[in-house]
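J.: Got a structure for you, questions after.
Throughout, read-outs are computed from the coordinates displayed, never taken from laboratory work. Owing to the predicted nature of the structure, the values given are computational and were not obtained by experimental measurement. No Cβ is skipped: glycine too gets one built from the backbone with ideal geometry, and neighbour counts run over all protein chains shown.
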Amino acid sequence: MLYKVATPVLAILTFLGLWELLVWANDWPNYKMASPSDLPPAFWKYKELFLVMGWQTLWRTVVGLLLAVVVGTLIGMIIGFSKLARDALYPLLVGFNAIPKATLVPVISLIFIGQHDFNTILMAFMISFFPIAVSVGIGLSTLEPEYRDILRALGASRFTIFRKIALPKTLPEFFGALKVSATLAFIGTNLVEIVSPHGRGLGALFKSGETNGDYPLMFAVLIALAVLGIMLYYAVIFLEKTFAGWADREGT
Amino acid sequence: MLDGLDVAVPAGTFAAVVGPSGCGKSTLTKLVAGLMKPDEGEVWLHGERVTGPRKTVGMAFQNPVLLEWRTILDNVILPLEIVAPKMPTKDRTARAMDLLEMVGLSGFENKRPSELSGGMRQRASLCRSIVHKPDVLILDEPFGALDAFTREDLWQTMRDLRAAEPFTVVLITHDLRESVFLGDQVIVLSGRPARTQFVMDVDLPADRTLDVLFTPKAADMLHTLRDQIKIAQGRTEEGSA
């Protein structure tokens, strides 16, 4: 337990130390590069804003991610079970995923004008559903036929086979994708928060730091985002341990 | 794949099916299990024509296909969840535990499949295939991936299970010794398209031990079967194609 906590903490402290050293050795002023020691005052000065904005970023990211889980799993099921759908939809999905999502910000903010929450959630969703859809699709389409046959030979329905075999068997792949998607969703949320005018959330706080030349604030926002990202990542790890812990071969 | 195949297995007996690779033995298991429909002809089980999957069939494959997220006990119970959804959990557990004890897996019921050896997993897979008391058990090379000694252990387990429970068995195998040790009759299929080429009744006591394989009688039977396989492969002399 001590080892589990101590090793990452030590790594983070080393990282902060090196960062501080870099800024100190180059004698960079605050308006060029903030150092870790500048951050606590920045956090303290804007502590209420950080809480409010941080919460906004977090809930919109989580809602976008949940949407990505639902829609991504559905698409994954469609392309996983139907070869026709797989052949038809794959190029479309890959093409959509290849579009830099920043280019879509003006598009969606024009369609849904003023709907800031909605736009942000939509972007978080669009950027994060792809890994989930692909992994669920691959998990289902690569299910060994024997796994199906042990239940099919007994006359089990397709739904029963899905629930008892295909779904649990796909869970490890699903959680692997969810870890990627969780961080992607943050990128989506912040993209909209930073780019759209009069935005809210940590992205908007970053933007205001930039406008005012407040480098410590900007870096403080980045750290806050990193902390939120780590929190969400470990939330996914917790869910994975709960629902797909059997896939972990450690110690056997 | 299969053509002119005429196989009759009397109820309650053990039929071992051997033949060259790719002659359609696995297709035969799918037909019997109702997972595939014959283009022509019919499959009958216990006086009923097979038109689709049925609850009275058990299957085991070369790959034990145990569900990694379930314990050994829950893996064995799985068919009961489909076939007898109303059966009380207590009875299901009791039934599964009886079988696990019979195959020597007592004490392993709460382990995950990944914690067991290949032979133990195959034992669990056999338990799962008969937990719902099927009329017909279809075994598609269940011992094929095991080492020779483990395989012989499993043969004896299979023999004991059969002594304890009545079911008809169709065993697909590549191992002639296995077919003679376990079978009441051995059916040799010819190469593609597969036909019934040869049927041999195994005239050995039901409670046979491994020693029986070293008797002249068994040696004669193995020799006959070997010759039949050679014919099935389209070879007349040793080594020529």
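J.: Work out the length of the dipole vector of region B:149-210 about its Cα centre, built from +1 on the beta-carbon of each Lys and Arg and -1 on the beta-carbon of each Asp and Glu, and round it to the nearest 20 debye.
T.: Its charge dipole is roughly 320 debye.
J.: Continuing with this model, one more query. To one decimal place, what Kirkwood hydrodynamic radius in Å is obtained for chain B from all pairs of distinct Cα atoms?
T.: Radius from the Kirkwood sum: 18.7 Å.
J.: Eigenvalues of the Cα gyration tensor times 5, then square-rooted: what semi-axes does that give for the protein assembly as shown, in whole angstrom, largest first?
T.: 63, 25, 20
J.: OK, next. What FRET efficiency would be calculated for the residue pair A:Val9, A:Met33, taking the C-beta separation as r and a Förster radius of 30 Å, to the nearest 0.05?
T.: Computed FRET efficiency for A:Val9 and A:Met33: 0.80.
J.: Just tell me which lysines come within less than 23 Å, Cα to Cα, of A:Lys179; anything on the same chain fewer than 8 places away is out.
T.: A:Lys4, A:Lys101, A:Lys169, A:Lys241
J.: Another one. Compare the Cα positions of A:Phe130, A:Ile223, A:Ala42 along the charge dipole of chain A (+1 at Cβ of Lys, Arg; -1 at Cβ of Asp, Glu; about the Cα centre) and return the one farthest towards the positive end.
T.: A:Phe130
J.: Nothing charged except the Cβ atoms of Lys and Arg (+1) and of Asp and Glu (-1): what's the magnitude of the dipole of the protein assembly as shown about its Cα centre? Round to the nearest 20 debye.
T.: About 1260 debye.
J.: Modelling each spin label as a point 7 Å along the Cα-to-Cβ direction, I'd like the A:Asn26/A:Thr211 distance in nm, to one decimal.
T.: It is 2.8 nm.
J.: Give, rounded to the nearest 20 debye, the magnitude of the charge dipole that chain B has about its Cα centre when Lys and Arg contribute +1 at Cβ and Asp and Glu contribute -1 at Cβ.
T.: 660 debye
J.: With each label point set 7 Å from Cα along the Cα-Cβ vector, what nm distance links A:Ala235 and B:Thr51?
T.: Here the answer is 5.3 nm between the modelled labels.
J.: I've got another one for you. Go through B:Ala11, B:Leu116, B:Ile138 and say which Cα lies farthest out towards the positive end of the charge dipole of chain B; charges sit on Cβ, +1 for Lys and Arg, -1 for Asp and Glu.
T.: Sorting the options by dipole projection puts first B:Leu116.
J.: By counting other Cβ atoms within 10 Å of each Cβ, how are A:Leu13, A:Leu49, B:Leu28 ranked from fewest to most? Walk me through the numbers before you get to the answer.
T.: On the way: A:Leu13 11, A:Leu49 16, B:Leu28 25.
Fewest-to-most Cβ neighbours within 10 Å comes out as A:Leu13, A:Leu49, B:Leu28.
J.: Quick check on the exposure proxy: order B:Thr157, A:Thr57, A:Thr211, B:Thr93 from fewest to most C-beta atoms within 10 angstrom.
T.: Numbers: B:Thr157 20, A:Thr57 26, A:Thr211 8, B:Thr93 16.
Arranged by neighbour count, lowest to highest, B:Thr157, A:Thr57, A:Thr211, B:Thr93 become A:Thr211, B:Thr93, B:Thr157, A:Thr57.
J.: With a Förster radius of 41 Å, plug the Cβ-Cβ distance of B:Asn110 and A:Ile111 into 1/(1 + (r/R0)^6) and report the FRET value to the nearest 0.05.
T.: Efficiency, from the Cβ-Cβ distance: 0.15.
J.: Moving on to the next point. Per-residue ellipticity at 222 nm for chain A, helices alone: DSSP H runs ≥ 4 residues times -39500 (n - 2.57), over residue total, nearest 500 deg cm²/dmol?
T.: Mean residue ellipticity at 222 nm (helix-derived): -27000 deg cm²/dmol.
J.: Write down the percent of antiparallel bridges among all DSSP beta bridges whose residues are both part of chain B, to the nearest 5.
T.: 25 percent
J.: If you don't mind, there's one more thing I want to ask. Kindly work out what percent of the DSSP beta bridges joining two residues of the protein assembly as shown are antiparallel, to the nearest 5.
T.: On the way: 7 of 26 bridges.
Percentage antiparallel, nearest 5: 25.
J.: Now for a different question. Quick check: residue separation of B:Asp98 and B:Thr13 times 0.36 nm, minus the Cα distance between them. What number comes out in nm?
T.: Gain on stretching B:Asp98 to B:Thr13: 28.3 nm.
J.: Same structure again: Quick one: longest stretch of chain A between exposed loop trypsin sites (Lys or Arg not before Pro), exposed meaning at most 11 other C-beta atoms within 10 Å and loop per DSSP?
T.: Here the longest segment lacking exposed loop sites spans A:33-248.
J.: Quick check: convex hull over the Cα atoms of region B:39-94, volume per residue in Å³, rounded to an integer?
T.: With only Cα atoms used, region B:39-94 gives 141 Å³ per residue.
J.: Right, something else. Let me know the volume per residue of the alpha-carbon convex hull for region A:40-247, in Å³.
T.: 127 Å³
J.: Still on this structure, please answer the following. Can you give me the P(r) profile for region A:133-252? Cα pairs, bins 10 angstrom wide beginning at 0, each as a whole percent.
T.: Spelled out per bin, shortest first, that is 12, 28, 23, 17, 12, 6, 1.
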